[in-house]
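Here is the structure we will look at.
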Amino acid sequence: PKYLNGPETALYTKGHHVFGLGLAKDAIIKAKTVVVVEGYFDCVVLADGGVSHVVSPLGTALTADQARLLKRYAEHVILAFDADAAGEAATLRSIDLLVETGLHVHVAQLPSHVDPDEYLRLRGREEVERLLAGSVNIFDFLIETARRRYPAAMSNGGAGRSGSTEEKVEAAQFILPTIAKVPYAMLRSEYVRLLAERLHL
């Protein structure tokens, strides 16, 4: 079968471990940054292509235990999940967990329907590194996601002037729960200020 998951036991729980961490640990510590991809194959291909600080969850959604494990080695996380609806949903779930752990999270914006391993094979290592270096912070990622989900509220270049108050509030309520998880009061306050400015609320 394409996927065959081994059973969890008293000695092994997938949610407590991270695929590739044993090999990536030193590179992560040196860079203070870890790149998290969705699948084993993405991880293997990127590592083989020279992106040595890459890991992936063990075939499941990222867990709080995995986030805490990454925090032991890194200060920054770059999420490079697939550029599709499932990847976006996984990115949103992971952001909340990682931010709550106190990690600084950025999101690499892959072209639509391109996996990280495909991007490396098509474009090469330098382009992958450029993509990772150009990753956006969580606020910009959330604003862009809200723009797709609530286009009326986020129209006019994000000013929100043509959207109804209700639509703008819906967009704000999509973003605010994640901002509320940011453990740094000053950063949290700045994100709220920027959100109010973007939505004219």
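Restricting to segment 100-128, give me the number of residues that are over 18 Å from Ala83 (Cβ atoms), surrounded by 13 or more Cβ atoms within 10 Å (Cβ to Cβ) and not small (Gly, Ala, Ser).
Of the residues in that region, 4 qualify.
Of the residues in segment 55-88, how many are of a type in the set (Ser, Thr, Tyr) and touching a Cys at 6+ places or on another chain (Cβ under 8 Å)?
Of the residues in segment 55-88, the ones of a type in the set (Ser, Thr, Tyr) are 56, 60, 63, 73.
Applying the additional criterion that residues be touching a Cys at 6+ places or on another chain (Cβ under 8 Å) yields 56.
Residues flagged as of a type in the set (Ser, Thr, Tyr) and touching a Cys at 6+ places or on another chain (Cβ under 8 Å) within segment 55-88 amount to 1.
Please state which one of Arg130, Arg149 is farther than 22 Å from Glu190 by Cα and at pLDDT 95 or above. Before the answer, list the steps.
On the way: Arg149 fails: at pLDDT 95 or above.
It is Arg130.
Checking the conditions here, which among Thr178, Thr165 is closer than 27 Å to Val37 by Cα and either touching a residue at least 40 places away in the same chain (Cβ under 8 Å) or not charged (D, E, K, R) (or both)?
Working: Thr165 fails: closer than 27 Å to Val37 by Cα.
Every option except Thr178 fails the conditions.
Does at least one position in segment 149-161 carry a residue that is surrounded by 14 or more Cβ atoms within 10 Å (Cβ to Cβ), under 30 Å from Asp65 (Cβ atoms) and not acidic (Asp, Glu)?
The answer is no, given that none of the residues of segment 149-161 is surrounded by 14 or more Cβ atoms within 10 Å (Cβ to Cβ), under 30 Å from Asp65 (Cβ atoms) and not acidic (Asp, Glu).
Hey, can you tell me all the residues within segment 125-143 that are more than 19 Å from the chain's Cα centre (by Cα) and touching a residue at least 40 places away in the same chain (Cβ under 8 Å)?
Arg125
The values are calculated or read from the model by the stated rules, or taken from the named source; none is laboratory data. The model shown is predicted, which means the values in this text are computed figures rather than measured ones. Every residue, glycine as well, gets a Cβ built from its backbone with ideal geometry; the counts of neighbours run over all protein chains shown.
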